[in-house]
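First comes the structure, then the notes that go with it.
The values are calculated or read from the model by the stated rules, or taken from the named source; none is laboratory data. Only a predicted model underlies this, so the values are computations on that prediction, with no experimental measurement involved. So basically every Cβ, Gly included, is an ideal-geometry build from the backbone, and we count neighbours across all protein chains shown. Ligands, DNA and RNA are excluded from the accessible area calculation, which covers all protein heavy atoms including side chains. Shrake-Rupley method; radii C 1.70, N 1.55, O 1.52, S 1.80 Å.
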Amino acid sequence: MKRPSLSRRRLLQAAVAGIAGGPLLAFGQQRVPIADMHSHYGMLTKKGIEAGFGEDLRKSGIALVAWKLVADLGFTRSTPSGIEQKSTPEAGDLARNFERRFATMKSYLVQQNLKTALARADVDAAGAGEPRVVLAAEGADFLEGKLDGLEGAYAQGLRHLQLVHYIRTPVGDRQTDKPTHDGLSEMGKKLVEACNERGILVDLAHAAPTALDQALEIAKAPFIWSHGWVAADDGRWQDSSGFLQRRLSLAHAKKIADRGGVVGLWALGLNRASAGWNASPGNPASYARELKNLVDKLGADHVAIGTDIEGVGNSAAIDTYSQLRAAVEALSGMGLDSAAVEKVAYANYARVLKAALTS
Ligand SMILES: [Zn+2]
């Protein structure tokens, strides 16, 4: 089929966007919705509320965003090769960290008139054109080793929980440090079960391969690997950089897919073509190419977007939602049919989120 030229497509899209103030146009007539499974927009490098998160996501047609509180922020530091723990929190520090930051996130959403995704109906509303923010945490550190805090976090709106991040945790082993739990701890295993039962999407990004295998054994709902990259073999904590440590093997990606789960690619703008990752800073098309490469290996039902906006630092292929929109446009020109583009851009995250939610 002959495609309209890029500029003509852009004009058409602009025209459609201009009259799409009402949420009622069918999918085929408007821009494909976009979901981002991992975003720190306005939290780390941009200037908080002035960063324009709400404005950017509305303008760019972002339907669902997992907006991720960084649970161990303040206890890590950057090194030339990655990120490491710099200090040990006192009892209560991590729980207070969460309370404070979560409250800030929620008040921002109120000011922006943005709704949170709490139930399946919210995910449907997002797909129909009314954006929803999924309150999420990168790290279950705030639980401080006990399941007691999970109910309170759920009541406050948490619906997506990444189990581990960069600091030592009673939950289980991380990709980036020497293992001490032989995978998930007993508490970590119970946490997976509790999230499944309560209706919180489990995110295994950053988890060591053994922990991932154990989660695959016990999970009762599909889970995700929200952000990272996929290579022939798993990263090892002894690898020379955070970039290498954070890779997921294709075999593990396939296991996640076999259980109905989804693997998200981060938008790290780094040229390591020899290792199998090649995206460049400020270059949405290069990120789209990586998405397409993973679709070829894993299938369109199991690949999604997990930009890690602001988490990937200065070298981001995608740092704004207009850039992410450009990446999705570029994906459409890479030989994927429109159904596949919609799955990768939006529907895969929506599907696993709905499967995890209990109402
Ligand atoms: Zn991360």
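Summary of computed values
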quantity: Qualifying residues in the range 258-268 (those that are more than 14 Å from GLY228 (Cα to Cα) and touching a residue at least 24 places away in the same chain (Cβ under 8 Å)) - the one most open to solvent (accessible area, probe 1.4 Å); calculated: ARG259
quantity: Tally, over the range 296-317, of residues that are more than 16 Å from the ligand (Cβ to nearest atom), closer than 18 Å to ARG247 by Cβ and surrounded by fewer than 24 Cβ atoms within 10 Å (Cβ to Cβ); calculated: 3
quantity: Criterion (free of Cβ contacts under 8 Å to residues at least 24 places away in the same chain and open to solvent by 20 Å² or more (accessible area, probe 1.4 Å)) met by exactly one of ASN271, ASN283; calculated: ASN271
quantity: Residue tally, condition within 16 Å of the ligand (Cβ to nearest atom), outside any strand (DSSP E or B) and touching a Ser or Thr at 6+ places or on another chain (Cβ under 6 Å), over the range 193-220; calculated: 1
quantity: Residue that is farthest from HIS160 (Cα to Cα), among those in the range 240-261 that are away from the ligand (no atom under 16 Å from the Cβ) and assigned to a loop (DSSP other than H, G, I, E, B); calculated: SER240
quantity: Qualifying residue in the range 72-94 (condition: under 25 Å from ASP213 (Cα atoms), surrounded by fewer than 14 Cβ atoms within 10 Å (Cβ to Cβ) and basic (Lys, Arg)); calculated: no
quantity: Any hit, the range 119-131, residues being acidic (Asp, Glu) and closer than 29 Å to THR88 by Cα; calculated: no
quantity: Subset of the range 169-184 [surrounded by fewer than 24 Cβ atoms within 10 Å (Cβ to Cβ) and more than 16 Å from the ligand (Cβ to nearest atom)]; calculated: PRO170, LYS178, PRO179, THR180, HIS181, ASP182, GLY183
quantity: Of all residues making up the range 263-278, the number that are of a type outside the set (Ser, Thr, Tyr), at negative phi and away from the ligand (no atom under 16 Å from the Cβ); calculated: 5
quantity: Of the criteria (1) surrounded by fewer than 19 Cβ atoms within 10 Å (Cβ to Cβ); (2) within 16 Å of CYS195 (Cα to Cα); (3) hydrophobic (A, V, I, L, M, F, W, C), which one ALA121 fails; calculated: (2)
quantity: Number of the exception - ASN293 against (1) open to solvent by 10 Å² or more (accessible area, probe 1.4 Å); (2) touching a residue at least 40 places away in the same chain (Cβ under 8 Å); (3) more than 15 Å from the ligand (Cβ to nearest atom); calculated: (2)
quantity: Residues that are open to solvent by 40 Å² or more (accessible area, probe 1.4 Å) and not polar (S, T, N, Q), drawn from the range 223-244; calculated: ALA232, ASP233, ARG236, TRP237, LEU244
quantity: Residue match in the range 318-330 (condition: open to solvent by less than 20 Å² (accessible area, probe 1.4 Å) and within 16 Å of the ligand (Cβ to nearest atom)); calculated: yes
quantity: Pairs where the first residue, in the range 224-248, is over 21 Å from TYR287 (Cα atoms) and the second is acidic (Asp, Glu), C-beta under 7 Å, 6+ apart; calculated: TRP237/ASP177
